[in-house]
Amino acid sequence: MNAATSDTTGFVGIAQTTQSAGASVDVVLRGQSSCVFDGSTTAGDYVQASTTTAGDCHDAGSTRPTSGQIVGRVLSTNGSAGTYTIEAFGLESVGAESTLTFNSPLSRSTNTISCSNCEQTGNKNAASGYAGLDSGSKLSASQLPNPSSSTLGGIQSFAALSNKWINAISTSGVPSATQPAASDLSNGTTGSGAVVLATAIPTPSGATVATSEATSSTTYTDLTTSGPAVTVTVSSTKALVTVTTRLSGGNGGATCFMGFAVSGSTTVAAADTQSLDQEGSSLISQKSAIYLVTGLTAGSNTFTAKYKGGSSCTYANRNIIVTPH
C-alpha cells in the first residue's frame, strides 16, 4: 500500500511498478532505486517520505533528520519535482538523538552547549566573557563607582603643578588645583588671621676708595677718583646707607661734606640733609653717617658718594655701605 502523508515510519521499501490490490510487486529494500520526488533535490541530501504527496519521496536536506524514517540519499541535483535515483538505506533507519540533560550553569540550544557563568582559565577580559574587565585584564573605567563624601570611587590622575595643591575632587572623580593664599596656612608668630612670611635677611654691599683727594667745589661733585659706588637691588622702597671718610677740613671756616646720590630705578641728588660734614677745621678725623633712605623705586639702584667743600677739603679712605630692603 502507498504511504500516506501522515506516515513517518514503517516503510518497507520502494515499489518498482504500480499494481492493483492483491497483485505482487517488486520492492527495492536496499541499493539504488528510482523514486518520485515532490520537489527539487540536491545530490547527497537525505530522503524521507513526502508529507504533501502520498507515496512520493522528499528531499530532507543535508543535515541528518532527528525524527522520522530516513529512506536514503538522493544521488542527483534537480530543480523541480520528478523521478530521480536514490541510494536506499534498507531496513528502518529513523532519525533520532540521545537526549542529554544539562544542569545549570550549562545550557543547550540545538547543537550548541553554553556556559555563560563558567570561570575562564586564561585571558580574563571582555572577549573571554569578563564584561567588567578591559583587554589588559584590568577593571574597566565604566565599572568604577564615582566617589562621594562618604564612599570611595575612581578618580582621574593629575600632573603636579608648581606652587599649587589639590583643593577639590569632584563627584565625577576629577581633581582640581589652586595656589594657596596666606589665609590657607596656619598663623605665624606675628600678624593676625594670616601667615606673616619671613623675608630674606638683607645683605649689605660696600665699596672703598683709599686714595686721598680734595675738592673746593661749592656743589656736590665727584673727586678725581669718583665714588665709591655700589649697585643693589631694592625690593621695597627703602635702603640703609652708611658713608665713612677720613676728613681734613678746609681753611677759613668752610664746611666739608660727603653725601651720596642715587641713580638707576630711582634718581636722588646728593644733599646736606643726608651727608656727614666737618666745619672749619684743619683737624684730621674719621667720620661716619647713617641714613635710612625711603621713597625708592624697586629695582636696581646705584648709590655713589659725592663731595662738596667751600675751601680745600681732603677725603681719604672713603667708604659707602648700602643695605637694601
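Every listed requirement among (1) in contact with a Leu (Cβ under 7 Å, 6 or more places away or on another chain); (2) over 23 Å from Thr231 (Cα atoms) is met by Gly309 save one, (1). Just one of the listed residues (Asn103, Asn163) is of a type outside the set (Ser, Thr, Tyr), open to solvent by 100 Å² or more (accessible area, probe 1.4 Å), modelled with pLDDT under 80 and in a loop (DSSP other than H, G, I, E, B), and it is Asn103.
Looking across region 39-53, the residues that are open to solvent by less than 60 Å² (accessible area, probe 1.4 Å) and closer than 14 Å to Asp7 by Cβ come down to Gln48, Ala49, Ser50, Thr53. Scanning region 11-35 for residues that are touching a strand residue (DSSP E or B) at 6+ places or on another chain (Cβ under 9 Å) and open to solvent by less than 50 Å² (accessible area, probe 1.4 Å) yields a total of 7. Would you mind stating whether Thr83 is at pLDDT 85 or above, out of contact with any helix residue (DSSP H, G or I) (no Cβ under 9 Å at 6 or more places or on another chain) and surrounded by fewer than 19 Cβ atoms within 10 Å (Cβ to Cβ)? Yes.
Looking only at region 277-307, count every residue that is assigned to a loop (DSSP other than H, G, I, E, B), more than 14 Å from Val232 (Cβ to Cβ) and touching a residue at least 40 places away in the same chain (Cβ under 8 Å) and tell me the total. Residues that pass the stated criteria total 2. For region 203-262, a residue qualifies if it is under 15 Å from Thr302 (Cα atoms) and among the charged types (D, E, K, R), and the qualifying residues are Asp222, Lys238.
Close Cβ contacts (under 8 Å, 6 or more residues apart or on different chains) running from residues in region 213-230 that are in contact (Cβ under 8 Å) with a residue 60 or more places away in the chain to residues that are in a loop (DSSP other than H, G, I, E, B) and open to solvent by 70 Å² or more (accessible area, probe 1.4 Å) comprise Glu213/Thr224; Tyr220/Ala269.
The values are calculated or read from the model by the stated rules, or taken from the named source; none is laboratory data. Note that the coordinates shown come from a computational prediction; the quantities given were computed from them, not determined experimentally. Here Cβ is always computed from backbone atoms with ideal geometry, including for glycine, and neighbour counts include all displayed protein chains. When the accessible area is computed, the model is the full protein with side chains, heavy atoms only, and any ligands, DNA or RNA have been set aside. Shrake-Rupley method; radii C 1.70, N 1.55, O 1.52, S 1.80 Å.
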